[in-house]
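Only one structure is covered here, and it is reproduced in the block below.
Every read-out reported here was derived from the displayed coordinates using simple, explicitly stated rules and does not represent laboratory data. From a predicted model like this one, the values you see are computed outputs, not experimental measurements. Cβ sites come from the backbone with ideal geometry, for glycine too, and all protein chains shown count toward neighbours.
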Amino acid sequence: MCGIAGIFSPAGKPVDSRLLVRMTTALRHRGPDDEGYVLAHTASASVQPFRGNDTIPEITNPDINAGFLFDNAPNLGLGWRRLSIIDLSPTGHQPMTNGDRSVWIIFNGEIYNYIELRQELQSKGFVFRTESDTEVIIHAYSAWGTECVHHLNGMWAFALYDTKQKRLFCARDRFGIKPFYYWWDGTTFLFASEIKALLEFEEIPRVANDGMVYDYLAHRIIDHTDQTFFESIYQLRPGHWLQIDPAGLRTHKYYQLEYSPDAGRFEETQFQRYADEFRERFTDSLRIHLRTDVTLGSCLSGGLDSSSIVCMSNQLIFGVEAVSRTLVGDRQKTFTATYNDSRFSEDQFVQSVISQTHANPHFIQPSSEGLLADLPAFVRAHDEPVISTSMYAQWNVMKLAAQNKIKVLLDGQGGDELLGGYRWHFPVFHGQLLKEFRFGDMLREMGSTHNVTGLSFTNLAKPVAQKLAKSVIPRALRGTFLGVSAYLNGDFENRSAGRATALEKSDFNLQQRLWEEETRFNLQQLLHYEDRNSMAFSIEARVPFVEYRLIEFVMKVPAVYKIHDGWSKYLLRRAMEGQIPKDIQWRKDKMGFVTPEELWMRELHGEFVKMLRGQSLRSGRFVQSEKFVSGFDRSALPLASSDIWRFLNLEFWMREFSVS
């Protein structure tokens, strides 16, 4: 796990090595263990590696800070920061090259199937000099070219320079677990793991992207396009690669997730086969996610997903010893955010997992005081505005793990989007049955959902009716009532309101809705937060539910096996029979990763008002500033706490990064 940065001018414009060092240094938190650079003159294929201030002593390259002689001014620079996870030896140093120095790579992530790929590539005659997964990518590229990405299983963002083809080849993993941002003006290409590194280049304008701000304020959505909150900075989309050479820049979508749109008919025998296969695939995903040479722990919220990871990985760790005991200890370590208020605490379920696994639990209690103290660092770590304070709870969990010397942390992101775990999935499923004229099935499912969740028939039928009503209104006339509209700047809202139709999700097909959440919406922003929160504390977070073979299998399982008899995530619940505590397996409530956000907004009200009144608002182009601040000052805003937080966070973000 690392931070990567680079500068490339395919037209031959010299790169500024000092800028490259500043960009790479801005990513030090992603990789405090080592540092490395390469400068190249691509026309002559001249390449020279360099060391930096934090480079390990075994690497004796020239110092990039000391000045150097180059026959031709370099037009390519690659910078790298290392968080050592696999192959801790000096041979894992990057930028890494192959035997004839024709391919150079900087890589952020993990290739979980690197052992199997290494064996396959050795059978093709490739010779390995290291034990790292980085070298596997180099030889995979040499063997299969740009098609190498189809052979990789893991999370990655890498940049690879091919001296023979004179091209920079960059790729991001299938679901975007690892980030890749870039700026391109037609002459110079800059890229980095985080936006803050790109902002070291003063020529990049710090101007807010109107469309992304609107989607954030009005629709609570980020990371759904290749755009960012900065007008001229883009991100490489998940499942895409990018190539840049003298002919210019082009991107290519190399991965497309398929899904079965059918609701299906429930058959117990078929379901048991699905459950058995899910358990096998999930176990295999955990097995490869446990590959590490450093200390390992797990997040534990008490929900189905994290509990399944902790319980199943516990069997692998202490049963077949998938991980060395020296990296885990006598007991698996778990990390949990907890609260005194029972409305937000899942302690009883966490204790059930601890009792079954005998794990060593660690707890932290996020607070409004902590949020206020951490606010500048929290805002800066994320580079872009954050949708809710639940991300701050995750920040605390990562901080707790770092305090306990954990470097790899398993987490349950992606389970809800994959298996149908949110409350809003029920009306989508019920609406699908209605659309298929399966009235009896729909009524039975509504009755079962009432029994399981306690929701009234009125509350279950109302969202389905609303979706039906919306479906008969011409798309051009559709509009969603937005509580935040009263506080948006009128011109800004009028310019952006048409964006709503592009953000619509499927209302009558559960499979399609899950596919949308996996590939465009929910999962992308959750992975964004997972990466920034963990890397802020130099931790590699791994998400076993976001493993492409597991996802491809589940997306072909019909909807009736995901929501059944009123139970969400039915496939996971049954697959975990005998593996997790019963009270978690058949939990009727779903809390999610929540915080006492409304209480925090009240407790911090005076401090936030003071901050807002302390200087002119930068967000006035988007928000009716005086109306919002005056209403907030009087506690008279008829808005949910999450809406208030987004307005506040937008302003704090614009101040932190001097955005206009």
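A compact table of results
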| item | result |
| --- | --- |
| Space enclosed by the convex hull of the alpha-carbon atoms of the chain, per residue, Å³ | 160 Å³ |
| In the stretch 190-298, trypsin sites (Lys or Arg not before Pro) in a DSSP loop with at most 13 other beta-carbon atoms within 10 Å | 265 |
| Low-density loop cleavage sites - trypsin sites (Lys or Arg not before Pro) in the stretch 343-441, where at most 14 other Cβ are within 10 Å (DSSP) | 343, 405, 423 |
| Electrostatic dipole magnitude of the chain [Cβ: Lys, Arg +1; Asp, Glu -1; Cα centre; debye, to 20] | 920 debye |
| DSSP-defined antiparallel bridges as percent of all bridges, the chain, nearest 5 | 80 percent |
| All Cα pairs of the stretch 425-510, percent lying beyond 16 Å | 61 percent |
| Cut-off under 5 Å, modelled amide H: who pairs with residue 34 long-range | 82 |
| Hz values of 3J(HN,Hα) by residue in the stretch 350-364 - Karplus curve (6.51, -1.76, 1.60), Gly and Pro given as x | 4, 5, 4, 5, 4, 5, 6, 9, 6, 5, 9, x, 10, 10, 9 |
| Residue 468 versus residue 18: modelled label distance in nm, points set 7 Å from Cα along the beta carbon direction | 6.9 nm |
| Dipole of the chain, positive end: most advanced residue of 128, 255, 36 [Cβ charges, Cα centre] | 255 |
| Gyration tensor (alpha-carbon) shape descriptor, the stretch 125-272, a/c threshold 1.5 | oblate |
| Estimated vicinal HN-Hα couplings, Hz - the stretch 427-434 in sequence order (Karplus 6.51, -1.76, 1.60; Gly, Pro = x) | x, 5, 5, 4, x, 5, 4, 5 |
| Relative contact order of the stretch 523-659, defined on C-alpha pairs under 8 angstrom at six or more residues apart (%) | 14 percent |
| Karplus-derived HN-Hα couplings along the stretch 279-290 (A = 6.51, B = -1.76, C = 1.60, θ = phi - 60°), whole Hz, x at Gly and Pro | 4, 5, 5, 5, 4, 5, 4, 4, 4, 6, 6, 8 |
| Relative contact order (percent, whole number), the chain, Cα cutoff 8 Å, 6+ residue spacing | 16 percent |
| 63, 100, 383 arranged by Cβ crowding within 10 Å, fewest neighbours leading | 100, 63, 383 |
| Charge-dipole axis of the chain as Lys and Arg at +1 and Asp and Glu at -1 on Cβ define it, positive-most pick from 241, 160, 219 | 219 |
| Theoretical gain in end-to-end length, residue 369 to residue 403 [0.36 nm per residue, Cα-Cα removed] | 10.3 nm |
| Ranked list, fewest to most other Cβ atoms within 10 Å of each Cβ, for 55, 283, 187 | 187, 283, 55 |
